[in-house]
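A.B. asks: First the structure, then my questions, so here it is.
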Amino acid sequence: MGNKFRIEFKDGATKSASVKIKPPKDIVMFVAGTTDPINLTGENHQANNKYWKDSLDNFWGGVKKLKPQYLDLHIEDTFFSWSGDNDTEERNKAAKRLLDLFLRVYKNWTKKEVHLHLIGHSHGGNVMNQFTETIAKDKKFPELWSIKSLTYLSTPFFQEKHQIVHDKIHPDCRVMNVHNEYDITQRFVADFSLFNLETILSTLNSDNITKAVERINLVLSSNIFAQMFEIFSNIDNTTEGPLIWERTALIVNNVGIILDEAIGCVNNLKSSLSAEKVNLLTILNGLRAWATTTEGVLNNRTDGHTTKVWIDDLNYLVVFGLLNQLLEIDDTLESSFLLGILAGIFAEDTGLTDSIDDTAWNPDSQINGKYKTDYLNITEKDRYHSRGLKSNYEGFATGVEGSVKEKNLREVLMRLFSQFIDPDTIDSAINSIKWITKIIYGRTDTQLKLLRGYLTDYNVFIRQFNANLIAEQDQPVEVEVEEEDIDSDIVFTPAARAEFDQALATINNTPVKKEKAEDGEEHEPIPGSIPYLAMVSHGLSHTQFWEEVEEVLRAAFSSGENPGYKG
């Protein structure tokens, strides 16, 4: 744009001059959120551009369409990445890396006026807030640069960490905050900032666990145990008996493999968790010793293959004893041995949790009314809203939030666990144990009665906290399969054995596939489930370019509209 000015010099002379004033440049930066909430992986740059580019119809695609509509709008979404870990230090590092990126990519603009527009999802918004502190302190941040807009998508705002510093924010900055009330990650999961768990999981071989589970499932699906009780009285000690014991030993062997992986992780717990480590290892090592001994007994059996001998060889009393030790509880959550261990592991500072901060759904306490702030509540856009269970959900969410505020980790854990467990299923198990204790005596009777009592105590809390979050229409459908009248001896035929051996060899020799869902809708968690509320509801805000957000961004852009844009 051209403007004429008349300049008066000290000697009184005047002169006209034409000056061309260029508007500021606009740069839009996307900052991805936490992609690894519990810090399980060792990937250093998970939160990168792929986070936004699921399709051209999502939030990123909508913003890209704005570029030709403005004279000097630049959308930087290719180079910035950070670990994505739910970790305070990682977010601090990300803020510094963000500054380095700006200075490197736009090094020729350090003497020009530049307006930054930051868009962050989840903890990406806290990286943005930390960035405001970084640029306020770092003299390398150009004098003519400032932040002109802040767009927060499902960001959990801390009360103590990652606070906005206003020094380098434009006085006409626009703020947009998008939130979803069904988003439990924003409401309470993000209250917990964890230490990095890579050290703990450094010895974990997930492929070993996957293959062990596959082998166990192969044995269970072979029908060998479905037939054994009806044929055991006349079992052939030379063919049928040895095969049943062999397959049972295979299951026990793979249980041992899974226990080895668990023991390795527990051994890597930090020194401040010595008490929890000892308690867990006592049980896990006890189970591992049982698996080793039992596998040997099963493999050494040569005759006498009867139901009673099979049960005796399994030495299940050891398992019941250790299970009861783990589940011990006496009417209150404070008396729960298991919850005590888990609460210790996730304790603030001494455990895996760096800090617990009562996060907020909006940045009002940090903005302090300095900038025009708009709010967009997308709760009714969540597919789960159509289920009509909002009151159930609010009861659950506010209950957990209250427990978090009181830092009652036992209750937090129990409230969460209760959403995964059907109390009626536990009642059925309790009734089954009650029936068994009527016909079994001695030490077995004692252990079963203990187990029944512990399950009864836990089920009181499960019924209290289970919020019935999943609608009837979303409940898993049990398909009734008509049972075939299978010949009892068919699983022992040479053909059946050969088929089993081939399947087992395939599991052993085939690398574990890291399968990814190609159709997100098909593999989406059940609406109302904890995974759905933590991931799908949390991610909804960046799946589309909301009209209200577009209006705020357009109002914040400074470079001017492109008169040549034809649309």
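The values are calculated or read from the model by the stated rules, or taken from the named source; none is laboratory data. Since this is a predicted model, take the numbers as computed values, not measurements. We place every Cβ from the backbone using ideal geometry, glycine too, and count neighbours over all the protein chains shown. The accessibility values were calculated without ligands, DNA or RNA, using every heavy atom of the protein model including side chains. Shrake-Rupley method; radii C 1.70, N 1.55, O 1.52, S 1.80 Å.
A.B. asks: Got a sec? Which of Lys4, Lys25, Lys15 is of a type in the set (D, E, K, R), exposed (fewer than 12 other Cβ atoms within 10 Å of the Cβ) and modelled with pLDDT of 70 or more? Please lay out each step first, then the result.
C.D. replies: On the way: Lys4 fails: modelled with pLDDT of 70 or more; Lys25 fails: exposed (fewer than 12 other Cβ atoms within 10 Å of the Cβ).
Step by step, each of Lys4, Lys25, Lys15 is checked, and only Lys15 is of a type in the set (D, E, K, R), exposed (fewer than 12 other Cβ atoms within 10 Å of the Cβ) and modelled with pLDDT of 70 or more.
A.B. asks: Look at the range 39-81 and say how many of its residues are assigned to a loop (DSSP other than H, G, I, E, B), at pLDDT 70 or above and touching a Ser or Thr at 6+ places or on another chain (Cβ under 7 Å).
C.D. replies: Residues in the range 39-81 being assigned to a loop (DSSP other than H, G, I, E, B), at pLDDT 70 or above and touching a Ser or Thr at 6+ places or on another chain (Cβ under 7 Å): 3 in total.
A.B. asks: Please name all residue pairs, on different chains or six or more residues apart, with Cβ atoms under 7 Å, provided the first residue is in the range 494-507 and is over 13 Å from Ser221 (Cα atoms) and the second residue is at pLDDT 95 or above and of a type outside the set (A, V, I, L, M).
C.D. replies: Ile507/Lys211; Ile507/Glu214; Ile507/Arg215
A.B. asks: Of Ser559, Ser529, which residue is in contact with a Leu (Cβ under 8 Å, 6 or more places away or on another chain), surrounded by fewer than 22 Cβ atoms within 10 Å (Cβ to Cβ) and modelled with pLDDT of 95 or more? Before you say what the answer is, go through the steps one by one.
C.D. replies: Values: Ser559 fails: modelled with pLDDT of 95 or more.
None of the other options fit; the residue is Ser529.
A.B. asks: Cβ-Cβ below 6 Å, separation at least six or inter-chain, first residue in the range 409-420 and within 11 Å of Asn466 (Cβ to Cβ) and among the charged types (D, E, K, R), second modelled with pLDDT of 95 or more and open to solvent by less than 20 Å² (accessible area, probe 1.4 Å): which pairs?
C.D. replies: Arg415/Gly399; Arg415/Val400; Arg415/Phe465
A.B. asks: Asn86 fails exactly one of the following numbered conditions: (1) at pLDDT below 90; (2) touching a Pro at 6+ places or on another chain (Cβ under 7 Å); (3) open to solvent by 40 Å² or more (accessible area, probe 1.4 Å). What is the number of that condition?
C.D. replies: It fails just one condition, (3).
A.B. asks: In addition: Would you check if there is a residue in the range 376-384 being modelled with pLDDT under 90 and farther than 27 Å from Asp445 by Cα? Break it down stepwise before answering.
C.D. replies: If we filter the range 376-384 for residues that are modelled with pLDDT under 90, which is where we start, we get none.
Checking the range 376-384: not a single residue is modelled with pLDDT under 90 and farther than 27 Å from Asp445 by Cα.
A.B. asks: Next question. Condition first: of a type in the set (A, V, I, L, M, F, W, C) and buried (at least 21 other Cβ atoms within 10 Å of the Cβ). Now tell me which residues in the range 125-160 satisfy that.
C.D. replies: Taking the range 125-160 and keeping what is of a type in the set (A, V, I, L, M, F, W, C), we get 127-128, 131, 135-136, 141, 144-145, 147, 150, 153, 157-158.
If the condition is that a residue be of a type in the set (A, V, I, L, M, F, W, C) and buried (at least 21 other Cβ atoms within 10 Å of the Cβ), then Val127, Met128, Phe131, Ile135, Trp145, Ile147, Leu150, Leu153, Phe157, Phe158 are the ones that fit.
A.B. asks: Is at least one residue of the range 459-478 assigned to a loop (DSSP other than H, G, I, E, B), farther than 30 Å from Ile257 by Cα, modelled with pLDDT under 90 and more than 33 Å from the chain's Cα centre (by Cα)?
C.D. replies: no
A.B. asks: Having 2 or more residues that are in contact (Cβ under 8 Å) with a residue 40 or more places away in the chain, under 19 Å from the mean Cα position of the chain (by Cα) and over 14 Å from Leu116 (Cβ atoms) is the bar; report the strands (runs of 3 or more DSSP E) wholly within the range 127-219 that clear it.
C.D. replies: Result: 192-194.
A.B. asks: Cβ contacts < 7 Å: first residue more than 13 Å from Asp474 (Cβ to Cβ) and of a type in the set (Asp, Glu), restricted to the range 514-536; second residue open to solvent by less than 100 Å² (accessible area, probe 1.4 Å) and modelled with pLDDT of 60 or more, any location; separation 6+ or different chain. Result?
C.D. replies: Correct list of pairs: empty, since none qualify.
A.B. asks: Can you find a residue that is closer than 30 Å to Tyr182 by Cα, among the aliphatic types (A, V, I, L, M) and open to solvent by less than 30 Å² (accessible area, probe 1.4 Å) anywhere in the range 413-428?
C.D. replies: Yes, the range 413-428 has at least one match.
A.B. asks: Limited to the range 168-213, what total is found for residues that are surrounded by fewer than 18 Cβ atoms within 10 Å (Cβ to Cβ), at pLDDT 90 or above and of a type in the set (D, E, K, R)?
C.D. replies: Residues meeting the conditions: 2.
A.B. asks: When residues of the range 106-124 are filtered for being outside any loop (DSSP other than H, G, I, E, B) and either crowded, with 16+ Cβ neighbours inside 10 Å or in contact with a Pro (Cβ under 8 Å, 6 or more places away or on another chain) (or both), how many remain? Lay out the reasoning, then the answer.
C.D. replies: To start, the set of residues in the range 106-124 that are outside any loop (DSSP other than H, G, I, E, B) comprises 107-109, 114-121, 124.
Going one step further and asking which of them are either crowded, with 16+ Cβ neighbours inside 10 Å or in contact with a Pro (Cβ under 8 Å, 6 or more places away or on another chain) (or both), we end up with 109, 114-121, 124.
Going through the range 106-124 one residue at a time, the tally reaches 10.
A.B. asks: Still on this structure, please answer the following. What number goes with the only condition from (1) open to solvent by 70 Å² or more (accessible area, probe 1.4 Å); (2) modelled with pLDDT of 95 or more; (3) under 30 Å from Phe320 (Cβ atoms) that Tyr441 does not pass?
C.D. replies: Tallying (1) open to solvent by 70 Å² or more (accessible area, probe 1.4 Å); (2) modelled with pLDDT of 95 or more; (3) under 30 Å from Phe320 (Cβ atoms), Tyr441 fails exactly one: (2).
A.B. asks: Quick one: His305 ticks every box in (1) open to solvent by less than 70 Å² (accessible area, probe 1.4 Å); (2) closer than 25 Å to Ile433 by Cβ bar one, so which box is it?
C.D. replies: Condition not satisfied by His305: (2).
A.B. asks: Can you tell me which residue in the range 341-387 is least open to solvent (accessible area, probe 1.4 Å), limited to those that are aromatic (Phe, Trp, Tyr) and within 27 Å of Glu548 (Cα to Cα)? Spell out how you get there, then give the answer.
C.D. replies: If we filter the range 341-387 for residues that are aromatic (Phe, Trp, Tyr), which is where we start, we get 346, 361, 371, 375, 384.
From what's left, within 27 Å of Glu548 (Cα to Cα): 361, 371, 375, 384.
On the way: Trp361: 110, Tyr371: 24, Tyr375: 108, Tyr384: 2 Å².
Only one residue tops the list, namely Tyr384.
A.B. asks: Just checking, how many residues over the range 388-410 are part of a helix (DSSP H, G or I), of a type outside the set (Gly, Ala, Ser) and open to solvent by 40 Å² or more (accessible area, probe 1.4 Å)?
C.D. replies: Within the range 388-410, the first condition is being part of a helix (DSSP H, G or I), and the residues that meet it are 390-405, 409-410.
Next cut, of a type outside the set (Gly, Ala, Ser) only: 390, 392-394, 396, 398, 400-401, 404-405, 409-410.
Of the ones still in play, those that are also open to solvent by 40 Å² or more (accessible area, probe 1.4 Å) are 390, 392, 394, 398, 401, 405, 410.
Residues meeting the conditions: 7.
A.B. asks: Among the residues of the range 489-511, which ones are under 17 Å from Ile224 (Cβ atoms) and surrounded by fewer than 11 Cβ atoms within 10 Å (Cβ to Cβ)? Outline the logic, then answer.
C.D. replies: Initial filter on the range 489-511 (under 17 Å from Ile224 (Cβ atoms)): 489-504, 507.
Matches in the range 489-511: Pro494, Ala495, Ala498, Asp501, Gln502.
A.B. asks: Name the residues in the range 275-298 that are surrounded by 15 or more Cβ atoms within 10 Å (Cβ to Cβ) and of a type in the set (S, T, N, Q), would you?
C.D. replies: Listed by number, the residues that qualify are Asn279, Thr294.
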